[in-house]
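Below is one structure; the comments refer to it alone.
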Amino acid sequence: MPALVIDDLTIEYQRAGYAVRPIEGLHLRAEPGSIVLLLEPSGCGKTTLLSCLAGLLRPASGTIHFGDTEVTGLRGQALTEYRRRGVGVVFQAFNLVASLNATDNVAMPMRTAGVKGREAKARAGELLHRVGLSDRAHHHPGDLSGGQQQRVAIARALALDPPLVVADEPTAHLDYVQVESVLRIIAGLTDGERVVVVATHDERLLSLADQVVELVPHSVAPPAAPVCVALADGQVLFRQGDRSDLIYEVDEGEIDLFRVDQDGTENHLVAKLRGEHFGEMGPMFHLPRSATARARGAAVVTGYSLVAFAERVGEAKLTHLVGAEQARAVSSPIE
């Protein structure tokens, strides 16, 4: 069975008209027969990463290899075949078809792949037995508990015996009793040297993992002393989507702030002149940069940590500045 190799992966998506990079420069190798746990809070890009592994989305840069197959380079029929037979997906919301019973839900990927009806139903029956649901084979999703629906979803992901399985928050909707049975099933998914990647914030899954990857960005402590930065004409201080650390004051020259739309169009927001501040929102609310800062002509800026900036201008003024920035953002939306 092949290994999963992720090399220098960056994921970028659009939010409110500008680019955000929740994952940047990710490296990962998962050996056959292993369970990899992507541990992170909700909203940090885990579903997008799983979608890239499944060939449903493309990263901004970097590569994903599964054995000899470069997933990020697949197109057309090759991509369709990979999605169909190379990877099984367990969705957070189950995504079962309400009008089909458990057997038909599990058989559906096989029927789509051209497997004959009798063979598909026999295989579905075997998989439902494996997840302990033989007595629920003819029940529809609405007649099943959350844990039972999740087990049907796992059985469906295994329908075509894929060498890679990705699961998004498989315990999110389950109570403690239901979780136990699902954990046992996940632990057995690596049979046959299959690679299993599970994204979750549920630490109860830690005991199953052969490898734990924490995707939460690690905070880099900003320097205690102010940092003076000299910029040439057109030089970028920080880019939209970068992690936020310092708040800046213009000492000389002029700094343009702009956002880049999905089509690459630059939208100028504001020009910051000598004595003006910018970049308050990110450090104060632990957000990525919402705009790019670029020098117009030669410029000099000084960067302050949040604590140092608060000491410099006072807590009340800092709160006022951030409030004014929020109001400006609402009143001046991107065109």
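Computed quantities for the displayed model
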| item | result |
| --- | --- |
| Failed criterion for Leu74 (all others in (1) open to solvent by less than 40 Å² (accessible area, probe 1.4 Å); (2) closer than 26 Å to Gly241 by Cα; (3) modelled with pLDDT of 90 or more hold) | (2) |
| Boolean, Phe66 is closer than 23 Å to Ile11 by Cα and surrounded by 18 or more Cβ atoms within 10 Å (Cβ to Cβ) | yes |
| Qualifying positions in region 230-269 - touching a residue at least 60 places away in the same chain (Cβ under 8 Å) and on the phi > 0 side of the Ramachandran plot | Gly234, Gly241 |
| Strands (runs of 3 or more DSSP E) wholly inside region 254-314 containing at least 3 residues that are surrounded by fewer than 18 Cβ atoms within 10 Å (Cβ to Cβ) | 266-272 |
| Enumeration of residues in region 157-168 that are open to solvent by 10 Å² or more (accessible area, probe 1.4 Å) and not aliphatic (A, V, I, L, M) | Asp161, Pro163, Asp168 |
| Which numbered condition Ala230 misses (of (1) modelled with pLDDT of 90 or more; (2) within 19 Å of the chain's Cα centre (by Cα); (3) of a type in the set (A, V, I, L, M)) | (2) |
| Check on Leu318, open to solvent by less than 80 Å² (accessible area, probe 1.4 Å) and either of a type in the set (Ser, Thr, Tyr) or modelled with pLDDT under 85 (or both) | yes |
| Which numbered condition Glu335 fails, given (1) at pLDDT 75 or above; (2) assigned to a loop (DSSP other than H, G, I, E, B) | (1) |
| Pairs with Cβ under 7 Å, 6+ apart, first in region 137-157 and of a type in the set (Val, Ile, Thr), second open to solvent by less than 10 Å² (accessible area, probe 1.4 Å) and in a helix (DSSP H, G or I) | Val152/Ala102; Val152/Asn105; Val152/Val106 |
| So Ala225, is it among the hydrophobic types (A, V, I, L, M, F, W, C) and part of a strand (DSSP E or B) | no |
| Test: residue in region 87-100 that is under 26 Å from Val115 (Cα atoms), surrounded by fewer than 17 Cβ atoms within 10 Å (Cβ to Cβ) and of a type outside the set (A, V, I, L, M, F, W, C) | yes |
| Residues (within 31 Å of the chain's Cα centre (by Cα) and among the β-branched types (Val, Ile, Thr)) located in region 104-127 | Val106, Thr112 |
| Subset tally (residues that are open to solvent by 40 Å² or more (accessible area, probe 1.4 Å) and either charged (D, E, K, R) or on the phi < 0 side of the Ramachandran plot (or both)) for region 104-120 | 7 |
| Of all residues in region 153-195 being in a loop (DSSP other than H, G, I, E, B) and among the acidic types (Asp, Glu), the one that is farthest from Phe94 (Cα to Cα) | Glu193 |
| All positions within region 169-207 that are aliphatic (A, V, I, L, M) and surrounded by fewer than 17 Cβ atoms within 10 Å (Cβ to Cβ) | Ala172, Val177, Ala187, Leu206 |
| Subset of region 208-224 that is in contact with a Ser or Thr (Cβ under 9 Å, 6 or more places away or on another chain) and open to solvent by 40 Å² or more (accessible area, probe 1.4 Å) - its residue that is modelled with the lowest pLDDT | Ala221 |
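Every residue, every condition in (1) within 30 Å of Glu70 (Cβ to Cβ); (2) touching a Cys at 6+ places or on another chain (Cβ under 7 Å); (3) at pLDDT 90 or above, yes or no:
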residue	(1), (2), (3)
Val90	yes, no, yes
Ala98	no, no, yes
Arg111	yes, no, yes
Lys116	no, no, yes
Asp143	no, no, yes
Asp161	yes, no, yes
Val166	yes, no, yes
Pro170	yes, no, no
Glu180	no, no, no
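The values are calculated or read from the model by the stated rules, or taken from the named source; none is laboratory data. Since we're looking at a predicted model, the values are computed, not measured. Cβ: placed from backbone, ideal geometry, glycine included. Neighbour counts: every protein chain shown. We work out accessible area using only protein heavy atoms, side chains counted, and drop any ligands, DNA or RNA first. Shrake-Rupley method; radii C 1.70, N 1.55, O 1.52, S 1.80 Å.
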